[in-house]
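Written out below as structure tokens is the structure these notes cover.
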Amino acid sequence: MRIRRTTRIEPTEPFALGLMVKNVGQGAARDLRITSSQPRITGNERDLLVEFRVLGTQVGDQPVSPSLTAHLGNIAPGTNAVAIWEMS
């Protein structure tokens, strides 16, 4: 099989990676934080030009902040919280 490579670099397309946390316990989850790191490619058999970057984090309906940490705060029993990492 022959691999065909393009000669131009295609533009970056932003996308979102979401997370929903549900508290199924009897007590409140207090000051919950989840920290990501920049994604790292560990295998690239075709030597593709691929690079991912976390641009920022959004929790609920708050504006996106330029951080890798999602501060979900307190989550009451039986409720949930949503975080989104904006990536490119």
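Scanning the range 29-58 for residues that are over 20 Å from Ala83 (Cα atoms), more than 17 Å from the chain's Cα centre (by Cα) and open to solvent by less than 70 Å² (accessible area, probe 1.4 Å) yields Gly43, Asn44.
Of the residues examined, Glu13 is one that is open to solvent by 50 Å² or more (accessible area, probe 1.4 Å), within 14 Å of Met87 (Cβ to Cβ), over 12 Å from the mean Cα position of the chain (by Cα) and not aromatic (Phe, Trp, Tyr). Within the range 59-77, residues that are surrounded by 12 or more Cβ atoms within 10 Å (Cβ to Cβ) reach partners that are among the charged types (D, E, K, R) with beta carbons closer than 6 Å, at six or more positions or on different chains, in the pairs Val64/Glu86; Thr69/Arg33; His71/Arg33; Asn74/Arg30. Out of all the residues in the range 39-54, is one or more over 24 Å from Ile9 (Cβ atoms) and touching a strand residue (DSSP E or B) at 6+ places or on another chain (Cβ under 6 Å)? No, the range 39-54 contains no residue that is over 24 Å from Ile9 (Cβ atoms) and touching a strand residue (DSSP E or B) at 6+ places or on another chain (Cβ under 6 Å).
The values are calculated or read from the model by the stated rules, or taken from the named source; none is laboratory data. Bear in mind that the values here come from a model prediction, so they are computed numbers and not experimental data. In this analysis, Cβ positions are derived from the backbone assuming ideal geometry, glycine residues included, and neighbour counts consider all displayed protein chains. Ligands, DNA and RNA are stripped out before the accessible areas are found, and what is left, the full protein with its side chains, is counted by its heavy atoms. Shrake-Rupley method; radii C 1.70, N 1.55, O 1.52, S 1.80 Å.
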